[in-house]
Amino acid sequence: MIQDPAYTVEPWGIRETHLELENLAQSESVFAQSNGHIGVRGTLDEGEPAGLPGTYLNAFYEARPLPYAEAGYGYPEAGETVVNMTNGKIIRLLVDDSPFDIRYGDLEEHDRRIDFRSGILTRMALWRSPTGNTVRVTSERFVSFSQRALMAIRYTVEPTAAETRVVVQSELVTNEPGATMTNDPRTAAALEAPLEAEEFLGGDARAVLVHQTKQSKLRAGAAMGHEIEGPAGTDWHSEAWEDLGRTTINSTPGPGDPLTITKFVTYGWSARRSVPAIRDQVSAALAEATHTGWDELVAAQRAYLDDFWERADVELDGDAELQQAVRFGLFHSLQASARGEGRAIPAKGLTGPGYDGHTFWDTEAYVLPLLSYAAPEAAAEALKWRLATIEKARERAKELGLGGAAFPWRTISGAECGAYWPAGTAAFHINADIAQAVLRQCDVNVDPDFEEEVALPLLVETARLWRSLGHHDAHGAFRIDGVTGPDEYSAVADNNIYTNLLAAKNLRGAAEFAERYGEAGEGLGVDPEEVASWRDAAEAMTIPYDEALEVHPQSDNFTKHARWDFDAVEPDQYPLLLNYPYFDLYRKQVVKQADLVMAMVICSDAFTPEEKARNFAYYEPLTVRDSSLSACVQAVMAAETGHLELAYDYLGEAALMDLDDLEHNSSDGIHIASLAGTWIAVVLGFGGLRDHDGMLSFMPRLPERLGRVCFRLGYRGRRIWVEVTKRGTKFKLLDGEEAVRFRYFGEEVELGEEGLEFGPPPPVEPPPDPVHQPPGRTPQKRRPSR
């Protein structure tokens, strides 16, 4: 875990003032850069030392077998793992024959900073070699938002005392060692040098490498080119081998006469295109980058981010550390999605190989709520990717004996890769999560073409799944049995409320869209009888309730199970799944992550305020948060039920998940869903936003330790500015000509050009009793801001 004072607290960036070699992998995740198509970890320019090297292309993977001790029908047979692509970041430096390596000589100064407004990672190192030569090395690196195939680096070497001979080796390196982090020898074997060379070219300060994965047969190319400025006598040459492209620069810079190298690296991949086509693709992207030039690319990067922050920024007064962390989360959420363009958003983005690079329900449930309001084009592209995989989902449903489409629990290509079916295939709620994201996207953004071409088929096929998965019992109630909800410690249960409520919304939404786009619906085989069956199932959906306890069991009979003996658990025995058998977890009252509580957030209108308060008080002592996905959801419900200081603490946990390495696994990539969840915690928690029934509503309240929260929302062609303080709440219409109607504490109001201002919100009725968490699982109290 990175400790103070490795990072300084500042509002618009993350700055590292000294290196901790034992924490390099985590820093590489924190400083990772991506545009949703290319991802590069924040390794040092010279390549060594490194915690976990990594360069990734979205959806570029290697296939591997999924062997089972005992086979079973419907088990996925092949896994998919993200591949470490050709590394174009490496720039090695020799100073008078001494390699620049921070483990040797004397690193007199070190400063590294990622700027959220420019998108540039800047590094400055003042290093004295073992032979006594001191040089200042500065570099700037970014992955371009304006040219999605491009990463660019500017690297400068300047001696501080006298002219010094230097040699710079700028490289493309494929199949680099140390790029996997796994305890599974089968995975390690599959990823050991997974790329086979097909073409390599070098010359004129440029190089191109083309490779293909051994099993999945995906083809990728990388190209690099350089612009070199240095003192008289500077020369260079380029060459290439199967797994290495290199441009070598010889120079003798001096004080005030530095050597500056601008390096452009471009990437591309395809499952279909030929070697010449891939080579030409990356070469053309390289030509465009050099034609545009460094300065224009930097300006375009800044303009892209300026536009994003105008739409997405969240301001917090009273906690500088949390302000930094919230913007860190927003920045990485954008990086994970901005230029994916028909690709998925992996759980760790493109910041590391964690979770094998797979996409889960995290995308639709945690990331897309933010993007639908702040970056709707990126949200739409993520949903278009789901549509592009629908044939595989239909095939999976057919294999399982079901109708419609069964989307995978975890995947890269769209094929199911979840080997443990109780927490994979049985988690059918992912299909309703997709439908919920579709409905939100259509509600927040006006796009009839998207509704007809993307939303309709996704809603129809997921509705068909629910209609075939569930059944009407003898009393006419519609049941969905044998499924796993968000809580993976309660698998294969009947009538999980989260699943059932979202399935009902899915069914109603499919019926509405099929009637709205009648001809397109008919093209999908929808008829009035099928629409009626969807509505019947939604209206008759089973929602369990425990009359004796006056709470909702998260699934049938959950509240009748024995309670987990939390007092017998030692602090180092969390997460429980690594120390206790699933058999025991499944039959006890213990919750891995918010489940019924999450249902109350997403389907808020399905519960009364009194039910929410009782349910929250009941589930808090059972929820151990063995998942990074839980804290932000608990923050929202804590705020709504009056536990504002607890909500604030949960927000801190979600926001600092990776900066403080709370799950001890940020080394293999950051947690995109938890970081996007900080937006959920602030905007839905303290901003009180809900988006039910086609109208926004707000019930803002602040914890004592925050003086102000301000955020922006894109909504149906308008942009709304919201400011919440202890004195009251202000709304402004920043963009859009038409007024917006919404509810403020239940009262319908209209926001026009003149804005709206309200006094202090109604006082929060203090909860009758404080809520408690399992022993040792109380969120860390927010410490005073540094």
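The values are calculated or read from the model by the stated rules, or taken from the named source; none is laboratory data. Predicted model only: the values in this text are computed from it and were never measured. Every residue, glycine as well, gets a Cβ built from its backbone with ideal geometry; the counts of neighbours run over all protein chains shown. To get the accessible areas, we keep the full protein, side chains included, count just its heavy atoms, and leave off ligands, DNA and RNA. Shrake-Rupley method; radii C 1.70, N 1.55, O 1.52, S 1.80 Å.
Points worth noting:
- In region 566-589, the residues that are without any contact (Cβ under 8 Å) to a residue 12 or more places away in the chain form Cβ pairs under 6 Å with partners that are surrounded by fewer than 12 Cβ atoms within 10 Å (Cβ to Cβ) and not hydrophobic (A, V, I, L, M, F, W, C), at six or more places apart or across chains, as follows: Gln573/Asn579.
- Residues satisfying the stated conditions in region 642-676, i.e. in contact with a Pro (Cβ under 9 Å, 6 or more places away or on another chain), touching a residue at least 60 places away in the same chain (Cβ under 8 Å) and open to solvent by 20 Å² or more (accessible area, probe 1.4 Å): His643, Leu644, Glu645, Leu646, Glu653, Asp668
- Residues located in region 10-51, provided they are more than 23 Å from the chain's Cα centre (by Cα), open to solvent by 30 Å² or more (accessible area, probe 1.4 Å) and hydrophobic (A, V, I, L, M, F, W, C): Leu19, Leu21, Ala50
- In region 601-631, residue farthest from the chain's Cα centre (by Cα) [restricted to those that are crowded, with 18+ Cβ neighbours inside 10 Å and either hydroxyl-bearing (Ser, Thr, Tyr) or at pLDDT below 95 (or both)]: Tyr618
- Set Thr81, Thr43: member being closer than 30 Å to Thr252 by Cβ and touching a helix residue (DSSP H, G or I) at 6+ places or on another chain (Cβ under 6 Å): Thr43
- Options Gly403, Gly349: the member that is open to solvent by 10 Å² or more (accessible area, probe 1.4 Å), in contact with a helix residue (DSSP H, G or I) (Cβ under 7 Å, 6 or more places away or on another chain) and modelled with pLDDT of 95 or more: Gly403
- The requirement of being without any contact (Cβ under 8 Å) to a residue 40 or more places away in the chain, over 20 Å from Phe145 (Cα atoms), out of contact with any His (no Cβ under 7 Å at 6 or more places or on another chain) and open to solvent by less than 40 Å² (accessible area, probe 1.4 Å) is satisfied by Ile228.
- For region 52-71, the set of residues classified as touching a residue at least 40 places away in the same chain (Cβ under 8 Å), surrounded by fewer than 22 Cβ atoms within 10 Å (Cβ to Cβ) and part of a loop (DSSP other than H, G, I, E, B) consists of Leu66, Pro67, Tyr68, listed by residue number.
- Among the candidates Ala538, Ala594, residue that is open to solvent by less than 10 Å² (accessible area, probe 1.4 Å), at pLDDT 95 or above, over 24 Å from Arg467 (Cα atoms) and touching a helix residue (DSSP H, G or I) at 6+ places or on another chain (Cβ under 8 Å): Ala594
- Candidate set: region 280-332, residues that are in contact (Cβ under 8 Å) with a residue 24 or more places away in the chain and outside any helix (DSSP H, G or I); chosen: the one farthest from Gly707 (Cα to Cα): Asp313
- Qualifying positions in region 237-265 - under 13 Å from Ala207 (Cα atoms) and open to solvent by 10 Å² or more (accessible area, probe 1.4 Å): His237, Ser238, Glu239, Ala240, Trp241, Glu242, Asp243, Leu244, Arg246, Thr248
- Thr81, sole failed condition from (1) in a loop (DSSP other than H, G, I, E, B); (2) among the hydroxyl-bearing types (Ser, Thr, Tyr); (3) open to solvent by less than 20 Å² (accessible area, probe 1.4 Å): (1)
- Evaluation of Tyr489 against (1) open to solvent by 30 Å² or more (accessible area, probe 1.4 Å); (2) in a loop (DSSP other than H, G, I, E, B); (3) over 23 Å from Lys398 (Cβ atoms) (one fails), failing number: (1)
Rundown of residues vs (1) within 24 Å of Asp443 (Cβ to Cβ); (2) touching a Phe, Trp or Tyr at 6+ places or on another chain (Cβ under 7 Å), yes/no style:
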site	(1), (2)
Ala503	yes, yes
Glu529	no, no
Ala540	no, yes
Pro544	no, no
Phe558	no, no
His561	no, no
Gln593	no, no
Ala599	yes, yes
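- Per-region count, region 95-124, residues without any contact (Cβ under 8 Å) to a residue 24 or more places away in the chain and among the aliphatic types (A, V, I, L, M): 1
- The residue list Arg117, Arg148, Arg92 contains one member that is at pLDDT 95 or above, open to solvent by 50 Å² or more (accessible area, probe 1.4 Å) and over 30 Å from the mean Cα position of the chain (by Cα), which is Arg92.
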